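Have a look at the structure below, then the notes.
The values are calculated or read from the model by the stated rules, or taken from the named source; none is laboratory data. The structure displayed is predicted, hence computed values, not measured ones. In this analysis, Cβ positions are derived from the backbone assuming ideal geometry, glycine residues included, and neighbour counts consider all displayed protein chains. Calculation scope for accessible area: heavy atoms of the full protein, side chains included, ligands and nucleic acids excluded. Shrake-Rupley method; radii C 1.70, N 1.55, O 1.52, S 1.80 Å.
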Amino acid sequence: MTRTFEAAPGIIAIDTRMFERENVTSAYLVTGPRPALVETGSATVADEVREGLRSLGVGPDDLAHIVVTHIHLDHAGGAGTLAPHFPSATVWVHERGAPHLADPTRLTASAERIYGEDGLRRLFGPVEPVPEDRLRALTDMDSVDLGDGRRLTALHTPGHASHHVALLDSETGGAFVGDALGVFLPDVQILRPATPPPEFDLEQAIRSIERIRGVEPSSILFSHFGPMAEVEHVTTLAITRLERWTGVVEEALEETDDPARVAELLREGTAMETNPADADEGRRAGVAERYELLSSYEMNAMGIMRYLRKRREAAPA
Ligand SMILES: [Zn+2]
């Protein structure tokens with residue numbers, strides 16, 4: 001049975017069991033007269049999400065909105081698969097992401113470069129397009145109306161991706177932050193940055209986290225995974241880690257430009273952040289595996305390398 005739990009009043013988290021693992025990726029039901037699903041997870045978990053919604057009493061015609069923080073396949077890959085099952089739902093995404101949900105060709109090609117053809121199929125499944133007449137484009141400060149005065153307001157928060165938005169719930173003050181702060185798995189309490197190619201941008205990412213902190217949310221609702229109440233702590237930590245990871249890659253590049261070696265140096269240079277002293281070896285391996293699936297050192301190293309190259313090219317000689 002699909003596991004669901006209350007993340008905040010009127011916000012129910014659904015464990016999508018992405019990658020066939022628990023506590024990795026959450027979708028959220030935000031209740032109201034016009035309820036919204038925030039994040040879909042990948043296409044491979046669409047049935048799990050449908051089951052979760054059914055168990056929460058949300059029938060095919062009840063869901064009014066599907067809102068995604070960005071188009072990466074672990075967040076929005078299931079949108080095209082879910083849309084026909086919820087014919088009344090409008091699919092909301094930042095305006096720069098909308099064309100890629102309508103036609104996922106470039107999106108899947110870009111994911112294939114990272115995961116390979118087999119990996120893409122196995123991890124994320126086939127990505128179905130969202131019919132254009134079901135899509136609505138979000139820009140900064142747009143809001144999604146859930147009825148009875150409840151709304152989700154989009155904050156354009158680029159950095160992880162140029163079209164990333166966070167969504168602020170008017171009722172609880174909770175903020176759905178997608179991957180803006182990175183990946184935080186609550187059972188191990190480790191925050192790992194998420195800096196994938198091709199769009200990671202350190203300055204934008206920091207500004208976006210500061211903006212989220214600035215609206216003083218009551219809690220941070222991670223897509224990976226679940227709610228976290230220590231907003232000041234986790235936003236500050238997210239910025240520190242992004243700066244540190246970028247610094248480690250910058251230093252590594254003085255020695256090598258081989259991405260695999262840079263990833264290795266990144267792993268070594270940040271090891272103190274990720275080795276819980278109290279964990280036994282088996283548990284540590286399981287923890288590392290979940291983080292690697294979501295936000296691997298290779299992917300993060302490639303994203304930071306690409307960002308540093310762009311920054312260098314943009315700098316006056
Ligand atoms: Zn993600």
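So with the 1.4 Å probe, I'd like the accessible area per residue for the stretch 157-213, rounded to whole Å².
Numbers: 1450 Å² over 57 residues.
That works out to 25 Å² for each residue.
What dipole magnitude, in Debye to the nearest 20, does the chain give about its Cα centre under +1 on Lys/Arg Cβ and -1 on Asp/Glu Cβ? Spell out each step's value before the answer.
Numbers: 31 positive and 51 negative charges, 79 e Å.
With Lys and Arg at +1 and Asp and Glu at -1, about 380 debye.
Please work out the FRET efficiency for the pair ARG211 and ASP187, using the Cβ-Cβ distance as r and a Förster radius of 25 Å; give the result to the nearest 0.05. Walk me through the numbers before you get to the answer.
Working: r = 28 Å, r/R0 = 1.14.
For ARG211 and ASP187, the calculated efficiency is 0.30.
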Accessible area of the stretch 19-67 belonging to carbon and sulfur atoms, whole % at 1.4 Å probe: 40 percent
Along the three principal axes, how long is the stretch 14-142 when you take its alpha carbons, biggest first, rounded to the nearest angstrom? 42, 32, 25
Distribution of pairwise C-alpha distances over the stretch 161-235, 5 Å bins, in %: 3, 16, 31, 26, 17, 7, 1
Could you work out the relative contact order of the stretch 171-317? I mean the mean sequence separation of Cα pairs under 8 Å and 6+ apart, divided by the number of residues, in percent. 33 percent
Placing +1 on the Cβ of each Lys and Arg and -1 on the Cβ of each Asp and Glu in the stretch 177-317, which of MET228, SER296, GLY282 has its Cα farthest towards the positive end of the resulting dipole? MET228
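With viscosity set to 1.567 mPa s at 4 °C, what whole-number translational diffusion coefficient in µm²/s follows for the stretch 77-149 from Stokes-Einstein and a Kirkwood radius over Cα pairs? Mind dumping the intermediate values first?
Numbers: Rh = 13.5 Å.
This corresponds to a translational diffusion coefficient of 96 µm²/s.
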Leaving ligands, DNA and RNA out of it, rank THR240, THR172 by accessible area with a 1.4 Å probe, largest first. THR240, THR172
How high is the relative contact order of the chain? Use alpha-carbon pairs under 8 Å, at least six apart in sequence, and give a whole percent. 14 percent
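Report, in deg cm²/dmol and to the nearest 500, the calculated mean residue ellipticity at 222 nm for the chain, where each DSSP H run with n ≥ 4 adds -39500 (n - 2.57) and the sum is divided by the residue count. Can you show the working numbers first?
Details: 11 runs with 125 residues, N = 317.
Result for the chain, helices only: -12000 deg cm²/dmol.
Once a ≥ b ≥ c are taken as the square roots of the eigenvalues of the Cα gyration tensor of the stretch 31-91, is the result rounded (a/c under 1.5), prolate (a/b larger than b/c) or oblate (a/b not larger than b/c)?
It is prolate, given that a/c is not under 1.5 and a/b is the larger ratio.
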When the chain is modelled as a GNM with alpha-carbon springs shorter than 10 Å, which of GLU216, GLU281, GLU171 fluctuates the most? GLU281
Per residue value of the accessible surface for the stretch 42-127 (all protein chains in place, 1.4 Å probe), Å²: 42 Å²
Kirkwood hydrodynamic radius, the chain, all distinct C-alpha pairs: what's the number in Å? 19.6 Å
Charge-dipole axis of the stretch 11-156 as Lys and Arg at +1 and Asp and Glu at -1 on Cβ define it, positive-most pick from HIS156, ALA13, LEU29: HIS156
For the stretch 203-281, alpha-carbon Rg and Dmax in angstrom: 15.4, 43
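What translational D, rounded to a whole number of µm²/s, comes out for the stretch 131-285 from Stokes-Einstein when the hydrodynamic radius is the Kirkwood one over Cα pairs, at 10 °C and 1.306 mPa s? Provide the component values of the computation, followed by the final result.
Working: Rh = 17.0 Å.
Translational diffusion coefficient: 94 µm²/s.
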Using Cα atoms only, what is the angle between the long axis of helix 259-269 and the major principal axis of the chain, expressed in degrees (0 to 90) to the nearest 10? 90 degrees
Taking a crude spin-label model, label points 7 Å out from Cα along the C-beta direction, the GLU250 to THR139 distance in nm is 3.4 nm
